[in-house]
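Single-structure report; data block below.
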Amino acid sequence: MDVTDVTPARQRPVGLAELARIPVRRWRTVLAATGLVLLLVGAYLLVYPATYTATTAVVVRPVVTDPFSVPSGGADRAVNMTAESGIATSNGVIDKVASITGRDTTGVADALTVETPVGGQVMRFSYSGHSEAEAVDGANGAAEAYLDLRKGMYENQRAAVLKSYDDTIALVTSQRTTTQRSLPANQNSSSPSPRTSALLDQLRALNDQLATLAEQRSKIGSADLSPGSVTSAARAPVPSSRDAAPLILVAGLLGGLLIGGLVAFIRESMDRRVRTADEVSALVGAPLLGTVGRDRSGRLSDTDLRYLVLALSRWVDGPKPLPLVLLSSAADERREQVTAGIAAALAQGGHEVRLGVAPESRDRIRPLLQDAQRRHPATEPTRPRVPRPRPAPSVVPAPAAAPMGNPEDTMIIQPVRKPRPFPTEDPKNGGVYRSTTTSADKTEIIPRVLPKETPTVDGEELRIGAGAVHLVPLDAPAGGGVTVIDAPPALHDERGVRAAREGRTVLVAARDKTRTGRLSQLVERLRAVGVEPVGYVVTGEKRD
């Protein structure tokens with residue numbers, strides 16, 4: 001199959017399950033955000049001083065002449081609550097509360113809150129202090145200061161109105177006195193003169209005016225100037241900001257989780273990594289050779305590695321196998337573990353493996369091979385047992401028929417067995433000679449049958465199973481057996497691309513680690529130098 005004809009996989013729609021996996025996958029981000037929010041909440045609860053809030057309720061009464069009369073219209077029309085709220089937060093009230101609590105006027109203005117409900121005549125004074133006593137004194141002091149201020153304002157207004165009535169009454173009284181003096185002493189009551197009648201009419205009008213003014217003044221004097229009363233005075237204990245500490249902690253926890261989830265989604269949108277094999281296939285354009293997961297001990301699964309070796313057998317077991325180059329875009333994609341696992345699996349199957357590694361990777365790959373060597377110790381290859389030849393039986397010929405005549409002339413012939421030769425090694429010619437006991441003194445030379453020589457491989461040797469792995473340098477010349485090359489990350493190291501040009505390239509991508517941008521850039525660089533990957537391997541896949 002031509003790997004260049006592989007069609008990229010169609011992008012799958014993202015479901016709710018995959019969206020829920022993002023915060024789970026980035027649990028460190030969510031945990032950090034939650035911890036930061038909880039730390040701020042804890043600092044607020046422990047470091048920031050507690051705030052105690054006391055509330056005093058005041059009923060505001062309108063100023064009426066008859067205290068038992070009901071004012072017409074609604075309560076908000078009888079008393080302008082907007083104006084009363086302005087009076088309650090005026091400088092006079094704030095100065096009085098500041099003198100009671102000992103705080104500055106700015107702090108009192110920030111701590112005092114006045115609530116005036118619409119359609120009602122109840123005002124609530126709320127004061128936030130650093131202690132219960134301060135909160136209680138502040139709320140009660142604000143209410144009392146408001147009532148005193150409002151009563152003083154009404155008293156001043158009544159005094160001004162009464163003074164105006166008094167002045168008018170005094171003027172009308174003086175006019176009446178003047179009119180009385182203008183009346184003649186001797187007047188006829190039956191037939192008064194016109195002048196006298198006019199003066200009498202003026203006198204009666206002044207008396208009526210005085211009576212009206214006196215009545216109005218009496219009403220103003222009898223007006224109820226009580227501004228209201230305190231219906232619910234503040235008293236201890238009062239609620240504080242520490243009372244809701246458990247709820248604040250729960251709110252901080254939920255808020256931290258929410259903020260952490262948002263940060264996780266933002267990081268996910270900014271940091272794209274491969275999540276499935278389909279995404280890698282769309283980027284690489286090559287077939288999937290296998291997925292390698294990890295077992296409970298944290299090592300790569302031996303079963304997955306054996307299946308991966310079966311997928312690579314088409315290039316490993318060929319007549320002229322080319323080096324198998326494993327390449328990745330970054331160093332943290334478990335490429336070295338996959339390379340060591342493939343080499344160990346090939347050696348376990350009886351192959352002589354040349355593992356080419358870079359100097360900086362040798363110390364990381366050697367422990368992986370040593371671990372495979374402990375789990376799969378070296379074994380001798382099984383040899384077929386050759387049966388030992390049996391000696392030929394001695395032939396005893398039957399006696400010949402005696403001729404007619406003298407019996408002494410009959411002769412019996414017995415077969416003579418030659419002695420078995422004993423081979424002796426000749427160190428000079430490397431052969432074996434056998435001495436015979438025949439009449440002719442001859443020496444028969446039998447050449448030694450040497451076993452088939454295995455190709456000599458340089459480098460550090462580790463016997464695994466029926467084969468061996470030889471650690472050789474990355475640029476070592478080609479030799480016998482199977483060659484596997486652990487190429488350095490080729491995105492910033494040209495040695496990886498140079499090694500990929502000498503064999504068949506297999507890309508290694510790690511789930512949730514390999515960045516899509518780096519993988520695309522690596523594929524572009526490989527194709528720019530004429531290297532087409534034969535497939536890819538995905539690590540970190542979870543098992544169902």
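What accessible area, in Å² to the nearest ten, does a 1.4 Å probe give for R515?
Counting only protein heavy atoms, R515 exposes about 80 Å² to solvent.
Kindly rank 97-105, 479-487 from highest to lowest mean number of other beta carbons found within 10 Å of each residue.
Result, highest mean Cβ count within 10 Å first: 479-487, 97-105.
Which residues' amide hydrogens lie under 5 Å from the amide hydrogen of G228, considering only partners 5 or more residues apart or on another chain, with H built in the peptide plane?
For G228, the qualifying residues are R61.
Can you sort Y165, Y44 by 1.4 Å-probe accessible area, starting with the largest?
Y44, Y165
Could you pull the accessible area for K151 with a 1.4 Å probe, rounded to 10 Å²?
Estimated to the nearest 10 Å², K151 gives 90 Å².
What does the charge count around V316 come to, taking other residues whose C-beta lies under 15 Å from its C-beta (Lys +1, Arg +1, Asp -1, Glu -1)?
That sum, taken over residues with Cβ under 15 Å, equals +3.
When the solvent-accessible surface of protein heavy atoms is calculated with a 1.4 angstrom probe, in what order do V47, V263, V523, V37 fall, highest first?
Sorted by accessible area, descending: V47, V263, V37, V523.
R0 = 60 Å: FRET efficiency of L310 with L39, Cβ-based, nearest 0.05?
The formula returns an efficiency of 0.70 here.
Averaging sequence separations of C-alpha pairs under 8 Å and six or more residues apart, then dividing by the length of segment 252-315, give the relative contact order as a whole percent.
Value for segment 252-315: 19 percent.
Just to make sure I understand: if all protein chains stay in place, what is the order of Y154, Y127, Y307 by accessible area at 1.4 Å, largest first?
Result, largest first: Y307, Y154, Y127.
Evaluate E = 1/(1 + (r/R0)^6) for D95 and V263, where r is the Cβ-Cβ distance and R0 equals 60 Å; express this FRET efficiency to the nearest 0.05.
For D95 and V263, the calculated efficiency is 0.80.
Subtract the Cα-Cα distance of A233 and L46 from 0.36 nm times their separation in residues, and report this length gain in nm to one decimal.
64.3 nm
Label points 7 Å out from Cα along the Cβ direction at D295 and A331: separation in nm?
Output for this residue pair reads 2.9 nm.
Give me the one-decimal nm value for the distance between modelled label points at D110 and T276, 7 Å along each residue's Cα-to-Cβ direction.
Roughly 5.5 nm, to one decimal.
So, taking all protein chains as they sit and a 1.4 Å probe, how much accessible area belongs to S191, in Å² rounded to tens?
Taking all protein chains as shown, S191 has close to 80 Å².
For the pair D475 and T212, how long in nm is the line joining their label points, each one 7 Å along Cα→Cβ?
12.4
Counting only protein heavy atoms and using a 1.4 Å probe, what share of the accessible area of segment 146-291 belongs to carbon plus sulfur, as a whole percent?
That fraction is 58 percent.
Can you compute the FRET efficiency between I220 and L249 using 1/(1 + (r/R0)^6), with r the Cβ-Cβ distance and R0 = 41 Å? Round to the nearest 0.05.
So, using R0 = 41 Å, E works out to roughly 0.10.
Find the accessible area per residue for segment 237-390; the probe is 1.4 Å, ligands and nucleic acids are left out, and the unit is Å².
Normalised by residue count, the accessible surface of segment 237-390 is 57 Å².
Counting only C-alpha contacts under 8 Å and six or more residues apart, can you give the relative contact order of segment 118-265 as a whole percent?
Rounded, it is 33 percent for segment 118-265.
The values are calculated or read from the model by the stated rules, or taken from the named source; none is laboratory data. Keep in mind the model is a prediction, meaning the values are calculated, not measured. Glycine gets a Cβ as well: all are built from the backbone with ideal geometry, and neighbour counts include every protein chain shown. To get the accessible areas, we keep the full protein, side chains included, count just its heavy atoms, and leave off ligands, DNA and RNA. Shrake-Rupley method; radii C 1.70, N 1.55, O 1.52, S 1.80 Å.
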